[in-house]
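A short reminder: the numbers here are calculations on the coordinates, not readings from a lab. Keep in mind the model is a prediction, meaning the values are calculated, not measured. Neighbour counts run over all protein chains shown; Cβ positions are idealised from the backbone, glycine included.
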Amino acid sequence: MSTVDLLSFHRSMLKDDIRLNRFRRAIELCVKSGDVVLDLGSGTGVLAILAARAGARIVYAVEATEIVEAARKISRKNGLDDRIVFLDDLSPRVQLPEPVDVLVTETIGNFGFDEGILGWVGDARRRFLKPEAVIIPLSIELFAVPVELVEIYSRDIDWEYTQSGIDFEPMRSFAVNNLYPVRIRPENYLAEPRSLGEVKLGEVTSTAFAADEVFEITKSGELYGLGGWFSSRLCNGVSISNDPADPSKSWSHAFMPFQAPISVAPGDRLKVHISCANNGSVWRWRLDGSAKSSNAGHGKTETVQFDQSTFLGSPSMASHLHRHATRHVPELNVDGRIMSYLLDHMDGKRTLEELSVLAFESFPERFSDPAEALEHVRTISVEFGR
Ligand SMILES: C[S@@+](CC[C@H](N)C(=O)[O-])C[C@H]1O[C@@H](n2cnc3c(N)ncnc32)[C@H](O)[C@@H]1O
């Protein structure tokens, strides 16, 4: 994400009054005077500040991106320097000096689990939380609905793949296997939305999620895919959701497009399977239904089956599939060899300049001049050095 995108991402979340007020209420209800709080995914530090103001003795605020430097300044500006400790890393890589009474995290994605909340909370529960610790949010429930989204489908999936006489059709199989952040409206529904299940974060042991549902079509139309969103109980009495019927400013909705649009009519039944793995980064959606395909003749009903996954939506994932096989024997490419060489030579004695000269001499095929080597060494040193 560029710096401008990072700043506007946080600005829009801070300007979403509903989101902030709900989290503030939940924090005020759950944080007691003297508590130790963990704010996981702290961003600008806003929830850490609310927790400190609610009486926390100390807040550990963990943030993986560079916005943490702004958060430090914001906490200082608000006089909370001595009560908020920022840790600038991904939460599974940090250690805390003491057990935690309250975990607060707003790592909720458009489709609930797609920002990794199940894995982050699972790890925090194992390593940081007291047995009786409170977790905000308490739970997350996912919802899905068959949708008619003609404009989005024709823009993202069914665009004119021949451009300047060149056939770009191979891009379609990637396009159709992705989860799109879109704005869905209730008028796009072709059936009643259904819950896919609720996960209580205090009981989470796995980052995988799977659900099977049957939808009965209530409105004639063209089915383009499934829409998805979440509803989360932050604590007893305080909830937040991106339900399309009650949209919030901070989240879009998830759109899982189907391989091809299908004509549906009231009474058609669609069996749907939706699952996620790899801590919310890989999604799969399957359809097993009897409906009228757009390609079939008028009134002709056929069985339609689709089985799609974001695993197939990433061009690099698809072409590197063999590298995931357990029997694959990996070896370092040139970037791996440079990384290994530099990590070996960062021994607390050599300067960046000395390291860059070594790197330039050892990997002439990779660096066109010493300045380029120095830039690379700097990046590695910021990431892995101190
Ligand atoms: C949706 S933003 C919320 C930021 C802030 N808590 C708020 O409410 O405005 C989520 C933030 O969590 C960070 N993040 C996500 N997962 C993380 C993890 N496992 N460890 C550290 N930071 C994480 C992201 O970089 C992002 O800044």
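Could you say which residue among Arg172, Arg93, Arg125 is without any contact (Cβ under 8 Å) to a residue 24 or more places away in the chain, within 16 Å of the ligand (Cβ to nearest atom) and at negative phi?
Sole residue among the options that is without any contact (Cβ under 8 Å) to a residue 24 or more places away in the chain, within 16 Å of the ligand (Cβ to nearest atom) and at negative phi: Arg93.
Which strands (runs of 3 or more DSSP E) sit wholly inside the range 156-232 and have at least 2 residues that are among the acidic types (Asp, Glu)?
Strands (runs of 3 or more DSSP E) meeting the threshold: 209-216.
Tell me, please, whether a residue that is in contact with a Ser or Thr (Cβ under 8 Å, 6 or more places away or on another chain) and under 24 Å from Asp88 (Cβ atoms) can be found in the range 358-371.
no
Looking at (1) in contact with an Asp or Glu (Cβ under 8 Å, 6 or more places away or on another chain); (2) buried (at least 18 other Cβ atoms within 10 Å of the Cβ), find the lone condition where Thr3 falls short.
The one condition Thr3 does not meet is (2).
Go through the range 117-146 and report how many residues are in a loop (DSSP other than H, G, I, E, B) and buried (at least 22 other Cβ atoms within 10 Å of the Cβ).
Of the residues in that region, 1 qualify.
Which residue is farthest from the ligand (Cβ to nearest atom), if the candidates are limited to the range 22-77 and must be part of a helix (DSSP H, G or I) and under 13 Å from Thr107 (Cα atoms)?
Top of the filtered list is Phe23.
Quick one: is Leu80 in a loop (DSSP other than H, G, I, E, B), more than 8 Å from the ligand (Cβ to nearest atom) and under 28 Å from Val4 (Cβ atoms)?
yes
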